[in-house]
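Read-outs: derived from the displayed coordinates by stated rules, not from any lab. Since we're looking at a predicted model, the values are computed, not measured. Neighbour counts run over all protein chains shown; Cβ positions are idealised from the backbone, glycine included.
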Amino acid sequence: MEFIWEAPTEAETIAFANALAQLVGPGTVLAVDGDLGAGKTRFAQAFAAAIGVPGIVNSPTYTIIKEYVGRALPFYHMDVYRLSLAEADELGLDEYFHGEGVTLVEWASIIQQILPLERLHIRIETTGPVSRKIICSPVGQKYEEWCRQLERKQLEHVTRRNRQHESKHK
Ligand SMILES: Nc1ncnc2c1ncn2[C@@H]1O[C@H](COP(=O)(O)OP(=O)(O)O)[C@@H](O)[C@H]1O
Ligand SMILES: [Mg+2]
């Protein structure tokens, strides 16, 4: 089951990150893809804030991996854009996937072969200057269930947003 979150503005990408952050636990793997400038890092920043990482989360393009301390879990932020599959393998990136924290990988498709069996693919597509389509593809039962929960959260979010919109224009 594929799940799509339409984000007509950056605030809606942040809302998606907030919804997703409610589901994560140790060993969560978020495999993020999307063209340059799609919003992978922006999404990672919103997600980090949502799980209580204090301070600034920057793009780890040159450092490959950065570790942060969240409210309840460590956060591992990777950007494998500059790596080959062999290099990623040598670096032992796969150890993070089975660690105590949440891993978010930008350009995850590059290291598809070393991703754990179960993961949530998140593809961000640019559909306009500030609009994005966020496509989630779960692999494994746990992430399939997450997508069903995200669907409910999306409905709640859209209902809440519409109500706020209505009360503003009364
Ligand atoms: N709906 C949106 N979702 C995410 N980012 C957005 C959105 N609209 C505009 N942006 C902007 O697009 C840029 C995305 O940059 P970045 O996250 O670094 O991309 P990537 O990591 O995918 O290369 C940021 O400047 C962000 O403010
Ligand atoms: Mg980036």
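Just a few scattered comments:
- Residue satisfying all of: in the range 122-170; more than 17 Å from residue 18 (Cα to Cα) and touching a helix residue (DSSP H, G or I) at 6+ places or on another chain (Cβ under 8 Å); surrounded by the fewest Cβ atoms within 10 Å (Cβ to Cβ) among these: 130
- Pick from the range 38-72, criterion touching a strand residue (DSSP E or B) at 6+ places or on another chain (Cβ under 7 Å) and at positive phi, ranking: nearest to ligand 2 (Cβ to nearest atom): 39
- When the range 89-104 is limited to residues that are under 13 Å from the mean Cα position of the chain (by Cα) and more than 12 Å from ligand 1 (Cβ to nearest atom), the one that is surrounded by the fewest Cβ atoms within 10 Å (Cβ to Cβ) turns out to be 103.
- Residue check, residue 27 away from ligand 1 (no atom under 16 Å from the Cβ) and over 23 Å from residue 112 (Cβ atoms): no
- Per the conditions (1) of a type in the set (Val, Ile, Thr); (2) closer than 20 Å to residue 43 by Cα; (3) outside any strand (DSSP E or B), the sole criterion not satisfied by residue 159 is (2).
- Only one entry in 19, 49, 44, 11 is near ligand 1 (Cβ under 9 Å from one of its atoms), of a type in the set (A, V, I, L, M) and over 24 Å from residue 111 (Cβ atoms), namely 11.
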